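Each remark here refers to the structure printed beneath this line.
Where a number appears in this text, it was derived from the coordinates with a stated rule and is not lab data. All of these numbers come straight from a predicted model, not from anything done at the bench. Glycine gets a Cβ as well: all are built from the backbone with ideal geometry, and neighbour counts include every protein chain shown.
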Amino acid sequence: MFYRKLKDKKVKCILCPRYCIISENKTGFCGVRKNVAGILQSLVYSKPCTINIDPLTKKPLYHFRPGTRCLSLGTVGCNLDCSYCQNSDISHPSGIFGEDLFPERVIELCKRYGSPGIAYTYNEPTIWIEYALDTMKLARKAGLYNVWVSNGYTNPEPAKEISKYLDAINVDVKGDTPFYSKLCGIPDEDPIKRSLLIYKKAGVHIEVTNLMIPGFNDKPEQVDKLVSWVAENLGKDTPFHFSRFFPHFRMRDTPITPIETLKMAEKIAKKHGIKHVHLGNV
C-alpha cells in the first residue's frame, strides 16, 4: 500500500514524509519495504519479532481502558533515526527477523489469553501498516480494541485509513525542529502535529508523551511551546506524559533527567490548563 511506480522500475513510497525513492532490489529508509521488480513489498508482513501481554498503562495509556492488559506486538525497522532509541536492537537491526503470526492468529491469541485489545507498539507501526490494518479490521469485528504507540511520522492518507479502526494512540512528540533535526534525522515536527490533528478529527483517543532529555528539549520555553500547542489544538483534556530519560544507544553519556525537570514541566502543563499530567520512568 501507499506507493507509486516510477520509471526504470523505481518506486516512490508515500507512506511517511520521507518519500523514499527506491531502486529495484533496495529498501527504503525503514529497511522493511523493498522494491521487488517495480513493486513495493513489505518484508515484515505477519512477522513480528516481539510479542507480549502488557498492561495498557505501560504504553503509556492511562485514560483509555485502564487496568486492562493487551496483546502487544511489533516488527523490526523504523522511519526515524533517534540517537537515544530504547529499542535500537529492533528499530535498527542488521536484518529481518521475527516469527510467522498471521492476523487471524493474533485474534486467536487475544481470545486465548483473555486480552480485550491489541497494541501495535515496540517499533513504529506505520512501517508495517498492511499487517497492522489487516489485524485491526479483524480485531474490530471481534470486539477487541486497537491502540498504537507511534512517533506520528505518518502521511495524511495512511493516518486517515488507520483512524477508521483505531481506538486510541499515544504519540511521542519528541521536541521542536532543532531537536528532530539533530537527534531524529528528520527536518521538523510539522508532520507529527499534522497526524495528531487527523487522529483528533477522527475521534481517536489521544495521549501525548514527551521524553525529556537534558540539554536538548528540557528548557522551560520549549516545554511551554509544546504544551501550548497541545492545549490549543488537541484540547486541555488530552493526557500528557513527561517521561524521564535514561542513557541509551548513541547517547550513553547523556545524564539521566532530574526529577526536578519533570516537576517543572508538570507545573507548566498545569498552568496551561492540561487536566491530566503524568510523570513517567520515575
* When the dipole is taken about the Cα centre of the stretch 1-99, and only Lys, Arg (+1) and Asp, Glu (-1) are charged at their Cβ, what size is it in debye, to the nearest 20? -> 460
* Of Gln222, Ile162, Asn79, whose Cα points farthest to the positive end of the dipole of the chain (charges on the beta-carbon: +1 Lys, Arg; -1 Asp, Glu; origin at the Cα centre)? -> Ile162
* **Three-way shape call for the stretch 63-127 based on the alpha-carbon gyration tensor, with the a/c threshold at 1.5** => oblate
* Residue-by-residue Karplus 3J(HN,Hα) for the stretch 104-114, coefficients 6.51, -1.76, 1.60, Hz, glycine and proline x -> 4, 5, 4, 5, 4, 5, 4, 5, 5, 9, x
* To do: For the stretch 1-159, please report how many Lys pairs fall under 17 Å Cα to Cα, leaving out neighbours fewer than 8 apart on the same chain.
  => 14
* Listed pairs Lys174/Lys270; Lys164/Lys275; Lys174/Lys271 exceeding 23 Å between Cα atoms -> Lys164/Lys275
* Once both axes come from the Cα atoms, what is the angle between helix 129-141 and the longest principal axis of the chain, in degrees from 0 to 90, rounded to 10? -> 80
* **Amide N proximity, the stretch 1-40 versus Arg105 label position 7 Å along Cα-to-Cβ, cut-off under 20 Å** => none
* Structure fact -> Amide H neighbours of Ile53 at under 5 Å, excluding residues fewer than 5 places away on the same chain, with H built from the backbone geometry, are Ser72
* Asked: Cα gyration tensor of the stretch 148-276, axes a ≥ b ≥ c as square roots of the eigenvalues: rounded (a/c below 1.5), prolate (a/b > b/c) or oblate?
  -> oblate
* the chain: relative contact order in percent, alpha carbon pairs under 8 Å with at least 6 residues between -> 14
* Asked: Using modelled amide H (1.01 Å from N, peptide plane; none on Pro or chain starts), what sits under 5 Å from the amide H of Thr209, excluding residues fewer than 5 places away?
  -> Val171, Asp172, Val173, His241
